[in-house]
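Student: Okay, here's the structure, questions in a sec.
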Amino acid sequence: MAFNEAGRSWYQAEIQAIRAAGLFKDERLICSPQSAEIEVEFPAGAAVRKCINICANNYLGLSSHPAVIRAAHAGLDARGYGMSSVRFICGTQDIHRQLEKRLSEFLGTEDTVLFPSCMDANAGFFEACLTERDVAIADRLVHASIVDGMRLSKAIQDSYKHSDMGHLEEKLQEHQDKRFRMIVTDGVFSMDGDLARLDEIVSLAEKYDAMVFLDDSHATGFIGKTGRGTHERCGVYGRIDAITTTLGKALGGASGGCVSGRRELVEMCRQRARPFLFSNTVAPVIVAGALQVLDLISASTERRDKLEWNAAYWRGLLTEAGFDIKAGESPIVPVMLYNAKLAQDFARDLFTEGIYAVGFFFPVVPKGQARIRTQLSAAHEKHHLDTAMAAFRKVGTKYGILGLGRKELIEKFGM
Amino acid sequence: MDDLTKLVSNYIAKEYLVEGSEVTETMTLISSGIVDSFSMVPLKRFLEKKCNIKIADACATAEAFDTVQNIVALVRRVQNE
Ligand SMILES: Cc1ncc(COP(=O)(O)O)c(C=O)c1O
């Protein structure tokens, strides 16, 4: 069918409805490398201005690290720009295998396979590893890509209330008649910044004969004493059956993801996961950069230590100023506002003050749970956080919300 | 409240709400975000098992699952087919 007028007007109406619902996403143009300080053109055509970025997944500040850039340049020279092939035809270089081996060592697993992204790893894993005789039981707040991956598989899908171990146990009991049970969770939940109760999950898995799947995208590189991830932090390093993670956040932030875990599960992904089989290999320049990232974070915990300090300092500043934050220890710090419009207005005013942060509201988070999600980076210096806090205080004072708790905020602004 | 309504309400309260909160027959579940399309899957399976029916995917719409009332109506419709 041609792209006819009826079609066009239907799409236009749909887009208009997205706008009317306040859900339209505008991109802001960044005219500098990713960092603690960036140059932003927003709205499009406006003068470029400097601001402090507190919403990137650049947890370790490695996105524009000189050593990573140098290694990427060297990789570009030594292995070229692209491979023009999926992995199994002619898209696997020596460095791809090296990176997989290094990731296995870092994550404490038997084997690893790279994917074009962690979205792809999650989209491909379940179909490759589970059948209609099996069940996947997921925390209700897992990332969208896991939801998609579970839907694409033939496995029975089930879910448990967020971090509710009693509910998970009931589900495990209910599904004892299935062949394989797989518990599915994120390590650090991206919207709330809380950690999965992975030690309890592993105990339940052992008690009820289940495998554990962990998406550690918001943890790899910095959670745990040596930054191995949530499994290190929870004392279950080496006991997770399948880990997916991304190169697109702390580990340099370019792109790429992986499945890492039991040898046979990884091999099933190599043989059967469709995003692995039918999408191009990760570019050599990114592989070379990621190898350098692993060198840096294996040699020293300095960056994750600084991130930990920054997160604690920022949480302290927000609490002291009277903001309502989600308690926790991760560098994801949600400032709760509950009302969607307030979250949008707050983010806009922060931008006027030179602070780049984004408001999140339904359907990204549950209704009545709107927030500004702030994210710390090892690239932040204390002065960045102090400057950001001055802006938060100013905007918070403007709306009269300092010192207000959940109940008062909802009373004042509605859900 | 009849048995079917009770069955559905109890399951929803246990499966989706924080302990102690109650569910009413007309409270919206999906459009209010209490139940998302992902966590709707066990609900459909529960109904099929308990009521001994098969709900076609085409009938398992967000609207049909949005309130206890709608869910009960859906089950009755399928039972009478
Ligand atoms: C928990 C989680 N998993 C997976 C992904 C997807 O990662 P990638 O950007 O590598 O596709 C994200 C990124 O948003 C995420 O937050």
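The values are calculated or read from the model by the stated rules, or taken from the named source; none is laboratory data. Keep in mind that what you see is a predicted model, and the values were worked out from it rather than measured. Positions of Cβ are backbone-derived with ideal geometry, glycine not excepted, and every protein chain shown enters the neighbour counts.
Student: Has the stretch A:73-84 got at least one residue that is touching a Ser or Thr at 6+ places or on another chain (Cβ under 7 Å) and at pLDDT 95 or above?
Tutor: Of all residues in the stretch A:73-84, those touching a Ser or Thr at 6+ places or on another chain (Cβ under 7 Å) come to A:83.
Filter once more, so that each one left must be at pLDDT 95 or above: A:83.
Yes, the stretch A:73-84 contains a residue that is touching a Ser or Thr at 6+ places or on another chain (Cβ under 7 Å) and at pLDDT 95 or above.
Student: So, in the stretch A:168-183, of the ones that are more than 11 Å from chain B (Cβ to nearest Cβ) and not charged (D, E, K, R), which residue ends up nearest to residue B:40 (Cα to Cα)? Talk me through it step by step, then tell me what you get.
Tutor: As a first pass, look at the stretch A:168-183 and keep what is more than 11 Å from chain B (Cβ to nearest Cβ): A:168-169, A:172-173, A:176-183.
Filter once more, so that each one left must be not charged (D, E, K, R): A:168, A:172-173, A:176, A:180, A:182-183.
On the way: A:168: 16, A:172: 18, A:173: 20, A:176: 21, A:180: 22, A:182: 19, A:183: 18 Å.
Across the stretch A:168-183, the extreme among qualifying residues is A:168.
Student: Same structure again: Kindly state which helices (runs of 4 or more DSSP H) lie completely within the stretch A:77-167 and contain at least 3 residues that are away from chain B (no Cβ under 14 Å) and closer than 22 Å to residue A:187 by Cα.
Tutor: On the way: elements: A:94-107, A:118-129, A:144-152.
In the stretch A:77-167, A:94-107, A:118-129 are the helices (runs of 4 or more DSSP H) which contain 3 or more residues that are away from chain B (no Cβ under 14 Å) and closer than 22 Å to residue A:187 by Cα.
Student: Of a type outside the set (Ser, Thr, Tyr), within 12 Å of the ligand (Cβ to nearest atom) and within 23 Å of residue A:170 (Cβ to Cβ), is that true of residue A:214?
Tutor: yes
Student: Also, quick follow-up: State which residue is nearest to residue A:266 (Cα to Cα) when the search covers only the stretch A:217-249 and only residues that are more than 14 Å from the ligand (Cβ to nearest atom) and of a type in the set (Ser, Thr, Tyr).
Tutor: Of everything passing the filter in the stretch A:217-249, A:237 is nearest to residue A:266 (Cα to Cα).
Student: Filter the stretch B:45-81 for residues that are in contact with a Phe, Trp or Tyr (Cβ under 8 Å, 6 or more places away or on another chain) and within 12 Å of chain A (Cβ to nearest Cβ) and give the result.
Tutor: Of everything in the stretch B:45-81, just one residue is in contact with a Phe, Trp or Tyr (Cβ under 8 Å, 6 or more places away or on another chain) and within 12 Å of chain A (Cβ to nearest Cβ), namely B:46.
Student: Now, a different point. Only one of (1) within 10 Å of the chain's Cα centre (by Cα); (2) part of a helix (DSSP H, G or I) is not met by residue B:48, so which one is it?
Tutor: If we test residue B:48 against (1) within 10 Å of the chain's Cα centre (by Cα); (2) part of a helix (DSSP H, G or I), just (1) comes out false.
Student: Conditions first: (1) surrounded by 16 or more Cβ atoms within 10 Å (Cβ to Cβ); (2) assigned to a helix (DSSP H, G or I); (3) away from chain A (no Cβ under 11 Å). Residue B:5 passes all but one, so which condition is the exception?
Tutor: Answer for residue B:5: the failing condition is (1).
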